[in-house]
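See structure below.
The values are calculated or read from the model by the stated rules, or taken from the named source; none is laboratory data. All values reported here derive from a predicted model rather than from experimental measurement. When we count neighbours, we look across all protein chains shown, and the Cβ atoms used for this are built from the backbone with ideal geometry, even at glycine. What goes into the accessible areas is simple: the full protein's heavy atoms, side chains included, and nothing from ligands, DNA or RNA. Shrake-Rupley method; radii C 1.70, N 1.55, O 1.52, S 1.80 Å.
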Amino acid sequence: MALQLPPLALYIHIPWCIQKCPYCDFNSHAVKQGIPEQEYIAHLLADLEQDLPLVTGRSLSSIFIGGGTPSVFSAAGISQILTGVKQRLNCDADMEVTMEANPGTVEAERFAAYVQAGVTRFSIGVQSFQTAQLQALGRIHDSGEAIRAAQLAQNLPLDSFNLDLMHGLPQQDVSGALADLQQAIDLAPPHLSWYQLTIEPNTAFASRPPVLPPDDTLWDIQQQGLALLQQHGYQQYEISAYSQPGHQCKHNLNYWRYGDYLGIGCGAHGKITLPSRNAILRTVKIKHPKGYMDISRGYMDSREQVEAEDRPFEFFMNRFRLLEPCPIADFTAYTGLPLSTVTSAISDAGQKGLLSVSATHWQVTDKGARYLNDLLTLFI
Ligand SMILES: C[S@@+](CC[C@H](N)C(=O)[O-])C[C@H]1O[C@@H](n2cnc3c(N)ncnc32)[C@H](O)[C@@H]1O
Ligand code: SF4
């Protein structure tokens, strides 16, 4: 079975933040002695150059500048990065360019200039609108700044914008979580990411765990929050992602549909299909900024092929996070494997009520979404 090329995206990692939040395990470092912006941009573009032979002749459908906090970079810096990318790679005419931004006043002042630089979509990290919660989360903005940032985004010539909000926060009750969600909805973002706070290993919260709401409160928040979002026209399309019709995040959809992406910058991951070699490559760049910018080492930390036996699990792990039906033909096209590889697991999943199967599509059932791990285990 010949592998086919899925759409191609580009992830760009900016590894600095003003300060480290106690719940965060992303590859981000508090700025201590200023940010080496120009030096890092030169490395990002050199890193991209080295990846180019992997994607000859292909065109980008989306770019995501994530972090860390990309809005610690100047608008001129973001413009240099995007110009540099466009000089080196073909880009689709309707390419989505998302940039994560924090709602602090300084960043918000730059929003218009980021749009001038080529950003078409902001993802704004609000987390909560309640001052006490924001403080407990170690955030450096207040709720007024979050509201102003969202209002600013509304009035800019953007294709879309997203607000990141978390729930299940320390000592939060159902009404507190719903008040946050209602405030976010009032700001009319076309996209909302609504994450349940998780305590990640090696974070400040893991060493000094806060008191989290009990499981039945978390369940009520989830159910009542979903109903509130639906009342206001938001459709859930992934575990934590909700959007108005037509405003799903193209970049994230591509990951979950097992699309390809280059990853440049500290610790960035990439996945590239090479049909001529019947190979799927996974790349990881050097994680720490110091090592990454040490020219003697190059940028690549690891570069490995996804073996045929690992492809079904990888494919479904991504694909079944989405609530949309999965075209059966995508399995063979993007894994290069015959359908017979998974026939028995699919039929098992159907019998257990985790999946419904039509002639053309697989659809995760409500039960399958709730017991996603049980469903995925069938493909190991
Ligand atoms: C890469 S982070 C960063 C964006 C930006 N730096 C910020 O914090 O606003 C993307 C989002 O993941 C969510 N997130 C991070 N850590 C989390 C955790 N431990 N549990 C749940 N959500 C988390 C937050 O909503 C955050 O905005
Ligand atoms: S949550 Fe965002 S701002 Fe906070 S440390 Fe992580 S990446 Fe930085």
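Of the numbered conditions (1) exposed (fewer than 15 other Cβ atoms within 10 Å of the Cβ); (2) assigned by TED's automatic domain parsing to the domain that holds R370, G298 satisfies every one except a single condition; which is it?
G298 satisfies every listed condition except (2).
Select from region 2-37 the residues that are of a type in the set (A, V, I, L, M, F, W, C) and closer than 22 Å to V55 by Cβ and write down the one among them that is farthest from ligand 1 (Cβ to nearest atom).
A2
Quick one: which helices (runs of 4 or more DSSP H) sit completely within region 133-245 and have at least 3 residues that are within 30 Å of V119 (Cβ to Cβ)?
143-155, 174-186, 215-231
Can you name every residue in region 304-333 that is touching a strand residue (DSSP E or B) at 6+ places or on another chain (Cβ under 7 Å) and open to solvent by 20 Å² or more (accessible area, probe 1.4 Å)?
Matches in region 304-333: E304, Q305, R321, L323, E324, P325, P327, I328.
Give the residue that is nearest to ligand 2 (Cβ to nearest atom), with candidates limited to residues of region 195-222 that are among the polar types (S, T, N, Q) and surrounded by fewer than 12 Cβ atoms within 10 Å (Cβ to Cβ).
N202
Give the residues of region 125-142 that are free of Cβ contacts under 8 Å to residues at least 60 places away in the same chain and either surrounded by fewer than 21 Cβ atoms within 10 Å (Cβ to Cβ) or at negative phi (or both), sorted by residue number.
G125, V126, S128, F129, Q130, T131, A132, Q133, L134, Q135, H141, D142
When only residues in region 144-154 that are under 20 Å from C21 (Cα atoms) and within 14 Å of ligand 1 (Cβ to nearest atom) count, which is most open to solvent (accessible area, probe 1.4 Å)?
E145
Of the residues that make up region 230-241, is at least one modelled with pLDDT of 95 or more and among the β-branched types (V, I, T)?
No, region 230-241 contains no residue that is modelled with pLDDT of 95 or more and among the β-branched types (V, I, T).
Looking at this structure, is G77 touching a residue at least 40 places away in the same chain (Cβ under 8 Å) and either within 16 Å of ligand 2 (Cβ to nearest atom) or over 27 Å from A150 (Cα atoms) (or both)?
no
Please go through region 115-124 and pick out each residue that is more than 16 Å from ligand 1 (Cβ to nearest atom) and surrounded by 18 or more Cβ atoms within 10 Å (Cβ to Cβ).
Within region 115-124, V115, A117, G118, T120 meet the criteria.
So which strands (runs of 3 or more DSSP E) stay within region 272-380 end to end and still have 2 or more residues that are of a type in the set (A, V, I, L, M, F, W, C) and closer than 21 Å to L8 by Cα?
By residue number, 279-285.
Tell me which residues, restricted to region 96-142, are touching a Lys or Arg at 6+ places or on another chain (Cβ under 9 Å) and more than 16 Å from ligand 2 (Cβ to nearest atom).
E96, V97, G118, R121
Just give me the residues in region 155-194 being open to solvent by 30 Å² or more (accessible area, probe 1.4 Å) and either within 16 Å of ligand 2 (Cβ to nearest atom) or of a type in the set (D, E, K, R) (or both), in sequence order.
Matches in region 155-194: D159, D173, D186.
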